[in-house]
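The values are calculated or read from the model by the stated rules, or taken from the named source; none is laboratory data. Remember, predicted model here, so these are calculated numbers, not experimental data. Every residue, glycine as well, gets a Cβ built from its backbone with ideal geometry; the counts of neighbours run over all protein chains shown. Keep in mind that these areas ignore ligands, DNA and RNA; they rest on the heavy atoms of the full protein, side chains included. Shrake-Rupley method; radii C 1.70, N 1.55, O 1.52, S 1.80 Å.
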Amino acid sequence: MLVAPFVTNYLTEHFANDDYRTLDGYRSAGGYQAAQRALGEMSPTEVIDLVKEAGLQGRGGAGFPTGLKWSFMPKESDRPKFLVCNADESEPGSFKDRIMLERGPHQILEGILIAAWATGSEKTFLYIRGEYAAPAESIRQAIEEAYAGGILGADVLGTDFHHDVVLVRGAGAYICGEETGLLESLEGKKGQPRKKPPFPAAYGAFGMPTTVNNVETYSHVPHILARGSEWFRSIGTEKSPGTTIFGVSGHVSRPGLYELPLGTPLDEIIFEHAGGVPGGRKLKGVIPGGVSMPILPAGELDVPMANEFLRERQTLLGTGGIIVMDDTTCMVRVASVISYFYRDESCGQCTQCREGTGWMNKIVNRVERGAGNDRDLEVLLDVAGKMEGHTICAFADAAAWPIQGLLRHFRKDFEAHVREQKCPFTGSFEL
């Protein structure tokens, strides 16, 4: 059941104001009052319980309950505890974290501070994508302001709580967006995922108890503390409360970021908010959450954008990066681009992923150039099936799902390439 169809865009409502990125501007909009309340009036357990009651799900793609994740951190520990802010936004089709880092850096820092109090963490490593030069400078300036303003460091906000934030620049590897691959990179090692258990809450950054959340997840936290769990649950759906920021790109009239309640129908986002497909073209397919999520055909866009509904259509919300494609698009070329990306970005640790991504890209390219046959399509599905669920992390799943989705809904495009021995979509984008 969907509730609260209209809501103020609480994450982004001040982003048009340039002063909001500064400490004075953020504070004039009520910033750091939620952190002051948490540290001054609430116990760590009370903060965790409130976030649990709100039902905040991680916004990095997995959708794991945030409060539950925080509760995994040991309450008593003779080792220091750490937080990590995952700002390694590298999913093709996703660009919301970049804008949040540029326009609302103190909102992120306030969420981190509240999470640090709740988990008893003494330090946060903010790991940002290496290509994000402007966002890194924005968050660096905000960190400096927070230290100068008594918000970070010793005696945070006039209390005896101590917390530090360290900015770390990545080097451009997609796999470092996976939380344990990020931890390996953070420690100066090759960015490749760890086997679990142990989980990061027991053995994370530098062997210490660690909790990892992404940029948008932290940004919701101050609003939950300020307005309460019932308010948060009045937005979105029963199982997926709150808003999220959808990044819409591709064949739409108004590409951009749209903060909307979870559960907003996909067709509403495309045709009402993003202005529909330009040039009088028909819509062919939509990737709903970054390229790792299986595609949906034009006839299945009435789905509410929340995982409990998207699962029924054999796809997921992912990062909320919506990629729209009109009827000129060759879906075999889409498969070629996506499979090349995953072939190039695999860390190579697992055989199924290292070999499977390469084979999928080779087969798709053979079909695209008109040299494929009917058996190639069966081999593609067989390879994807042997990758899914058989590796250390979900990278292989992310590589397999888009190929499976494209063959499920657009097999005729692949068959036309085999039959005509060429690409029949002359108006499609070029490889």
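Before moving on, here are some points about what is shown:
- Conditions (1) part of a strand (DSSP E or B); (2) surrounded by fewer than 22 Cβ atoms within 10 Å (Cβ to Cβ); number of the one not met by F271: (1)
- Positions within the stretch 385-407 being β-branched (V, I, T) and open to solvent by less than 20 Å² (accessible area, probe 1.4 Å), in sequence order: I403
Yes or no, residue by residue, for (1) within 24 Å of F425 (Cβ to Cβ); (2) touching a helix residue (DSSP H, G or I) at 6+ places or on another chain (Cβ under 7 Å):
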site	(1), (2)
L316	no, yes
I323	yes, no
D327	yes, no
C330	yes, yes
Y342	yes, yes
S346	no, yes
G372	yes, yes
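- Selection from the stretch 149-181 of residues that are more than 12 Å from A87 (Cα to Cα), of a type in the set (A, V, I, L, M, F, W, C) and in contact (Cβ under 8 Å) with a residue 12 or more places away in the chain: I151, L152, V156, L157, F161, V165, V166, A171, A173, I175
- Candidates K282, K362 - the one that is basic (K, R), open to solvent by 40 Å² or more (accessible area, probe 1.4 Å) and touching a residue at least 24 places away in the same chain (Cβ under 8 Å): K282
- Any chance A133 is within 21 Å of the chain's Cα centre (by Cα) and free of Cβ contacts under 8 Å to residues at least 12 places away in the same chain: yes
- Test: residue in the stretch 358-376 that is within 30 Å of G275 (Cβ to Cβ) and part of a loop (DSSP other than H, G, I, E, B): no
- Of all the criteria given as (1) touching a Leu at 6+ places or on another chain (Cβ under 9 Å); (2) of a type in the set (D, E, K, R); (3) over 18 Å from G63 (Cβ atoms); (4) loosely packed, with under 15 Cβ neighbours inside 10 Å, the one not satisfied by R194 is (4).
- Candidates S219, S249 - the one that is over 21 Å from G111 (Cα atoms) and in contact (Cβ under 8 Å) with a residue 60 or more places away in the chain: S249
- Total residues in the stretch 408-431, condition free of Cβ contacts under 8 Å to residues at least 60 places away in the same chain and either buried (at least 21 other Cβ atoms within 10 Å of the Cβ) or hydroxyl-bearing (S, T, Y) (or both): 1
- Tally of residues being open to solvent by 30 Å² or more (accessible area, probe 1.4 Å) and without any contact (Cβ under 8 Å) to a residue 60 or more places away in the chain across the stretch 254-268: 6
- Selection within the stretch 106-128 - open to solvent by 10 Å² or more (accessible area, probe 1.4 Å) and touching a strand residue (DSSP E or B) at 6+ places or on another chain (Cβ under 6 Å): K123, F125
- Residues located in the stretch 108-156, provided they are part of a helix (DSSP H, G or I), in contact with a Leu (Cβ under 8 Å, 6 or more places away or on another chain) and within 19 Å of A205 (Cα to Cα): I112, L113, A115, A116, W117, T119
- T351 surrounded by fewer than 19 Cβ atoms within 10 Å (Cβ to Cβ), at pLDDT 95 or above and polar (S, T, N, Q): yes
- Entry remark, the stretch 13-30: residues being open to solvent by less than 70 Å² (accessible area, probe 1.4 Å) and outside any helix (DSSP H, G or I) number 5 in total.
Residue-wise test of (1) open to solvent by 40 Å² or more (accessible area, probe 1.4 Å); (2) in a loop (DSSP other than H, G, I, E, B); (3) touching a residue at least 24 places away in the same chain (Cβ under 8 Å).
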| site | (1), (2), (3) |
| --- | --- |
| Y10 | no, yes, yes |
| A35 | no, no, yes |
| G40 | yes, no, yes |
| E46 | yes, no, no |
| G63 | no, yes, yes |
| E76 | yes, yes, no |
| E89 | no, yes, yes |
| D97 | no, no, yes |
